[in-house]
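See below for the structure under consideration.
No value in this document is a laboratory result; all are computed from the given coordinates. These numbers were taken from a predicted model, which means no experiment stands behind them. Cβ coordinates were reconstructed from backbone atoms using ideal geometry, including for glycine residues, and neighbour counts include every protein chain displayed.
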Amino acid sequence: AQKITQTQPGMFVQEKEAVTLDCTYDTSDPSYGLFWYKQPSSGEMIFLIYQGSYDQQNATEGRYSLNFQKARKSANLVISASQLGDSAMYFCAMRGLFSSDGLTFGKGTHLIIQP
Amino acid sequence: DSGVTQTPKHLITATGQRVTLRCSPRSGDLSVYWYQQSLDQGLQFLIQYYNGEERAKGNILERFSAQQFPDLHSELNLSSLELGDSALYFCASSETGAGYEQYFGPGTRLTVT
């Protein structure tokens, strides 16, 4: 069984500041993947970044980076230089790499960027 | 645009009715996943198909069923609808059955009245 915990239901951040969204996980799978998705108010789910449990380096995609601390079972998303368009729900998710199951999602964090 | 299409965008129906949601995966993707997003349950995995065969089941009710056709599009059938089935239903696709990245469609918003 897998579990994702996102402890920040909502966050307010000033534009241009960096943001860290917390995510902790629990799994019995020896190999797994961690994902972050963005869901704007329009409703679509946008894939942001992926980190494999075997990856030695933290994943980065443009302004997004994933702070992966395996021993602490955390996979925090860092958004640098936040923009107004970053306002959205953010979901952390995971799955076993050799599993056919779908993603297990956290409850999400509602991020609001203020001008 | 993820390349995954879902129809219809919105669906309003009455309790007890049956509806079919349709999904076309990205070109080249063999695997389709269905998810339900509701206020009560959050985002939940329902079922996965890979190249026409069921691969995995999540929290899918017995009143719900799905299939994937030879052209790889998939349909999710919801029957004997209840008020609690009102939700946003997403389809996602990936290249393989153990896909690292799943690309989500825009979703179908189902309202049961």
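Answer yes or no as to whether residue A:49 is more than 12 Å from chain B (Cβ to nearest Cβ), closer than 28 Å to residue B:107 by Cβ and touching a Phe, Trp or Tyr at 6+ places or on another chain (Cβ under 6 Å). Give the steps one after another, and end with the answer.
Numbers: more than 12 Å from chain B (Cβ to nearest Cβ): no; closer than 28 Å to residue B:107 by Cβ: yes; touching a Phe, Trp or Tyr at 6+ places or on another chain (Cβ under 6 Å): yes.
Here the answer is no, as residue A:49 does not meet what is asked.
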Residue count, region A:82-108, condition assigned to a loop (DSSP other than H, G, I, E, B), surrounded by 19 or more Cβ atoms within 10 Å (Cβ to Cβ) and not hydroxyl-bearing (Ser, Thr, Tyr), comes to 4
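Looking at region A:60-115, which of the residues that are charged (D, E, K, R) and closer than 14 Å to residue A:29 by Cβ is farthest from the other protein chains (Cβ to nearest Cβ)? I'd like the intermediate steps shown before the answer.
Narrowing region A:60-115 to residues charged (D, E, K, R): A:61, A:63, A:70, A:72-73, A:86, A:95, A:101, A:107.
From what's left, closer than 14 Å to residue A:29 by Cβ: A:70, A:73, A:95, A:101.
Working: A:70: 17, A:73: 20, A:95: 8, A:101: 5 Å.
Within region A:60-115, the match that is farthest from the other protein chains (Cβ to nearest Cβ) is A:73.
I need the full set of residues from region A:14-28 which are surrounded by fewer than 18 Cβ atoms within 10 Å (Cβ to Cβ) and more than 14 Å from the chain's Cα centre (by Cα), in order please.
Residues of region A:14-28 that are surrounded by fewer than 18 Cβ atoms within 10 Å (Cβ to Cβ), as a first pass: A:14-18, A:20, A:22, A:24, A:26, A:28.
Hits for region A:14-28 are A:14, A:15, A:16, A:17, A:18, A:26, A:28.
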For region A:22-57, which positions are in a loop (DSSP other than H, G, I, E, B) and either within 20 Å of residue A:111 (Cβ to Cβ) or of a type in the set (Phe, Trp, Tyr) (or both)? A:22, A:23, A:40, A:41, A:42, A:43, A:44, A:45, A:54
Complete set of residues in region B:36-56 that are farther than 25 Å from residue A:90 by Cα, facing chain A (nearest Cβ under 10 Å) and not hydroxyl-bearing (Ser, Thr, Tyr): B:54, B:55, B:56
